[in-house]
Amino acid sequence: MSISMQIPENGRDIKEIFEEMDSFKENDFKWKKGKVFCLTYPLDENHHEFLKDAYGKYISENFLNPMAFKSLKKMEREVVRMSCSLMNGDDNSVGTMTSGGTESILMAVKAARDLAKKTKPWILKPELVAPESAHVAFEKACKYFGLKYIPVKLDEDYRANIKAMKKAVGVNTVLMMGSAPQYPQGVIDPIEELAAFAKKKKIPFHVDACVGGFMLPWLEKAGEKIPLWDFRVDGVTSISADLHKYGFAAKGASVVLYKSMKYMKHQFFITTEWSGGIYASPNLPGTRPGGAIAAAWGTLNKVGQDGYIEQAKKTIGVAKEFRKRINEIPELEVLGDPPATLLAFKSTDKNLSILAIADQMIEKGWWFDRQQTPASIHMTVMPNHSETLEEFISELKEVIEHVKAHPELAKTGDAAMYGMMAKIPARGLVKKSVEKVMESMWGPTGELPDFEKGIGSDEGAPVWMKLADKYGPQAMDALEKVDNVKDKIKKEVKKLNPF
């Protein structure tokens, strides 16, 4: 695809522009057809059109100044109040809308850090304690705001290990967190136990419900057994929840909620010294698009509680069927016991590569996230996946037989690249290679990675892509032998010290 490097000298015809934009989508995955299990959260075509209309009504309005656009202030306030009510906040609970889950998480971390600056000024090196499964936005927040990120091991069921979390907390801890649910396996951390400990230590506790915030409450109302995770839990001080996921709002809409203004006020940025005047901002951005706020408000009112409960029932039904049908396949296993609408599955046969299975399913037009440690396929289940469930299971079984018949597929293509990336012991080497990928994608030419040919010049290709291309199976075999040695050592160590 050619890249335009300059603005056209003369304005182009509108019809021609739209036709070209449509052509750009030809190689995108067709999320409307129910074959994509990540990135998009569709409801139906009518709702999609509604979102465009609702967003369009406020496409030019800027919520930088609430006094200029009081309509947006009203809508944001109502979205926040509705969200607080849904997550069992009281009259003191507060919050703001943000551009997405990452910003909501960044704001919660920033608020906790600045609260500690006021109440615990002796903390010079603040720390955040989180389960290993926490969304990477928490590590990102620590990188941006100068905290030390402390990831803690999980239990065998992939939930946060309570004992290990408690042990990781120290005098410099300014925030603990848990997920409801966490993304990798879709399980809910033991929020009640962790939050109780945080309260005892006088540490704020954040619940990342970016995926579950607008699904778990409806599942509970529909009769599903969901462990407590929201403001009903004593010790929970903040929650992040995305409206543009299971809230079915347009992209760019999330909320970060706080138990009270005691916590939220530390999110604000205020300066009185700027020559342009007094400047106050509740969030990271200055400009805040009105369309995302309007579409979120419109969606909550359009769908309503009855609509959300109906969609939750439908989605959990589909998710349960996926879990059941996948677990019935002898070579596969769903990880953990996810109670909601996310799941991940791995291969139970060490000679059957789940990454090769992923490659072959993507060749058939499906799209989902690959994961590492353990290698697995991740699925975010939506209501429209009921229409493609049988096709997915049927093609998954076909692919398994094909990969079993062709074990070399595990050592070629993306499967080899992802497999090597997960096994390379020097993670700094992986990081350096990913930097090269980023430099290429966001450089002057914006070149996307080609895992068959490398990226641009030979110097720009990540090391595991070079290995996969040059040595292929030999490189994978070497890494697998290293893995086997490590496993044997672990087993011997465990015999000596079973505890």
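The values are calculated or read from the model by the stated rules, or taken from the named source; none is laboratory data. What you are looking at is a predicted structure, and each value in this text was computed from that prediction instead of being measured. Neighbour counts run over all protein chains shown; Cβ positions are idealised from the backbone, glycine included.
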Of those in segment 308-333 that are within 11 Å of F345 (Cβ to Cβ) and touching a residue at least 24 places away in the same chain (Cβ under 8 Å), the residue nearest to the chain's Cα centre (by Cα) is F322
When you go through V169, V174 one by one, which is the residue that is among the β-branched types (V, I, T), modelled with pLDDT of 95 or more and buried (at least 21 other Cβ atoms within 10 Å of the Cβ)? V174
Any residue that is closer than 22 Å to L284 by Cβ, in a helix (DSSP H, G or I) and within 25 Å of the chain's Cα centre (by Cα) - is there at least one of those in segment 44-61? yes
Looking only at segment 101-145, count every residue that is loosely packed, with under 15 Cβ neighbours inside 10 Å and either outside the structural domain of K167 (by TED's automatic domain parsing) or closer than 21 Å to A160 by Cβ (or both) and tell me the total. 1
Limited to segment 138-159, what total is found for residues that are closer than 15 Å to V174 by Cα and hydroxyl-bearing (S, T, Y)? 1
Verdict on L128 being closer than 15 Å to I203 by Cα, touching a Cys at 6+ places or on another chain (Cβ under 6 Å) and either of a type in the set (A, V, I, L, M, F, W, C) or modelled with pLDDT of 95 or more (or both): yes
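Of the residues M67, M87, M75, which single one is surrounded by 14 or more Cβ atoms within 10 Å (Cβ to Cβ) and either farther than 26 Å from G247 by Cα or under 23 Å from the mean Cα position of the chain (by Cα) (or both)?
Checking each option against the conditions leaves just M87.
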Please indicate, with yes or no, whether at least one residue in segment 3-10 is under 21 Å from G291 (Cβ atoms) and at pLDDT below 90. no
Would you check if S281 is among the polar types (S, T, N, Q), buried (at least 24 other Cβ atoms within 10 Å of the Cβ), touching a residue at least 12 places away in the same chain (Cβ under 8 Å) and under 17 Å from I105 (Cα atoms)? no
I need a count of the residues in segment 378-398 that are surrounded by 16 or more Cβ atoms within 10 Å (Cβ to Cβ) and either among the charged types (D, E, K, R) or within 16 Å of V187 (Cβ to Cβ) (or both). 5
Return the pair list, or none, for Cβ contacts closer than 6 Å from residues in segment 209-235 that are without any contact (Cβ under 8 Å) to a residue 24 or more places away in the chain to residues that are surrounded by fewer than 23 Cβ atoms within 10 Å (Cβ to Cβ) and of a type in the set (V, I, T), at least 6 apart or on different chains. E220/I226
Select from segment 288-310 the residues that are buried (at least 24 other Cβ atoms within 10 Å of the Cβ) and within 16 Å of L219 (Cβ to Cβ) and list them in ascending order. none
Quick count over segment 114-168, residues being among the basic types (K, R), touching a residue at least 24 places away in the same chain (Cβ under 8 Å) and either under 22 Å from W229 (Cβ atoms) or in contact with a Ser or Thr (Cβ under 6 Å, 6 or more places away or on another chain) (or both), is 2
Of all residues in segment 1-58, how many are among the hydrophobic types (A, V, I, L, M, F, W, C) and surrounded by 13 or more Cβ atoms within 10 Å (Cβ to Cβ)? 9
